[in-house]
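Enquirer: This is the structure I have questions about; it appears just below.
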Amino acid sequence: MLDKIHTKLVQQAPAFLRLPVKLVPASVQQSLMLETLKRVFQEALDDGEFEFLENRWLEVHVRDIYFKSYISFENEKLVVRSDIENADVRFSGDLNDLILIAARKEDPDTLFFQRRLIIEGDTELGLEVKNLMDSVDLDSLPSMLRQALFSLADFVQKGLQAPTSLEEAHYAPKI
């Protein structure tokens, strides 16, 4: 019974988050996204690894919650906006898949070939973004952020793997 509730919660979370995402002003979303990116990519920013994004725009689209954000690098700083007409490369996926990618519980290449992660536009730029994401040392994240990411990813992963009916749970083989 709890597994079924867990599964429903994970499946329905994006629907619950759509309204708050819609109601939060773009400026607040941009600030939150920028501060998160600065923390996650602190080492890469310090090492100048974002220069490839200078005067180019990456669109991050979380399809199932209708969230879009655009990221660039200008004057040696990350820039986040919500109103770019044309991005050079676009990454789009559903919330749960993106959480699993961030915590390295799912391989982005696997999700790409399953068409759960879509990368459109400048493929060379997309590959550079993917390589930068892969280079992040999750152990270097602030402990609260790292623990929150791992806990959320574990919750999502278990919710996606849980049996969808009581019969399946009853007859599931023991491992």
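The values are calculated or read from the model by the stated rules, or taken from the named source; none is laboratory data. Quick caveat, the model's predicted, so the values are computed rather than measured. Because the Cβ atoms are built from the backbone with ideal geometry, glycine has one as well, and the counts that use them run over all protein chains shown. Surface areas here come from the heavy atoms of the whole protein model, side chains and all, with no ligands, DNA or RNA. Shrake-Rupley method; radii C 1.70, N 1.55, O 1.52, S 1.80 Å.
Enquirer: As an exercise: evaluate residue 90 against (1) of a type outside the set (A, V, I, L, M); (2) open to solvent by 20 Å² or more (accessible area, probe 1.4 Å); (3) in contact with a helix residue (DSSP H, G or I) (Cβ under 7 Å, 6 or more places away or on another chain); (4) in a strand (DSSP E or B) and give the number of the one condition it does not meet.
Expert: Every condition holds for residue 90 apart from (3).
Enquirer: Now for a different question. When region 106-128 is examined, which residues are found to be assigned to a helix (DSSP H, G or I), within 23 Å of residue 149 (Cα to Cα) and without any contact (Cβ under 8 Å) to a residue 12 or more places away in the chain?
Expert: 109, 110, 112
Enquirer: Of the residues 120, 85, 106, which single one is under 20 Å from residue 53 (Cα atoms) and surrounded by 13 or more Cβ atoms within 10 Å (Cβ to Cβ)? Walk me through how you get there before you give the answer.
Expert: Numbers: 85 fails: surrounded by 13 or more Cβ atoms within 10 Å (Cβ to Cβ); 106 fails: under 20 Å from residue 53 (Cα atoms).
The conditions single out 120.
Enquirer: Kindly list, by first and then second residue, each pair from a residue in region 1-18 that is free of Cβ contacts under 8 Å to residues at least 60 places away in the same chain to a residue that is in a helix (DSSP H, G or I), limited to pairs with Cβ atoms under 7 Å and residues at least 6 apart or on different chains.
Expert: So the pair list comes out as 18/65.
Enquirer: Just a yes or no: is a residue in region 58-79 touching a residue at least 24 places away in the same chain (Cβ under 8 Å), farther than 22 Å from residue 145 by Cα, buried (at least 16 other Cβ atoms within 10 Å of the Cβ) and not charged (D, E, K, R)?
Expert: yes
Enquirer: Give region 1-25 a look and list any residue that's of a type in the set (A, V, I, L, M), under 22 Å from residue 70 (Cα atoms) and within 18 Å of the chain's Cα centre (by Cα), or say none. Give the steps one after another, and end with the answer.
Expert: Keep residues of region 1-25 that are of a type in the set (A, V, I, L, M), which gives 1-2, 5, 9-10, 13, 15, 17, 19, 21, 23-24.
Now narrow it down to the ones that are under 22 Å from residue 70 (Cα atoms): 17, 19, 21, 23-24.
Listed by number, the residues that qualify are 17, 21.
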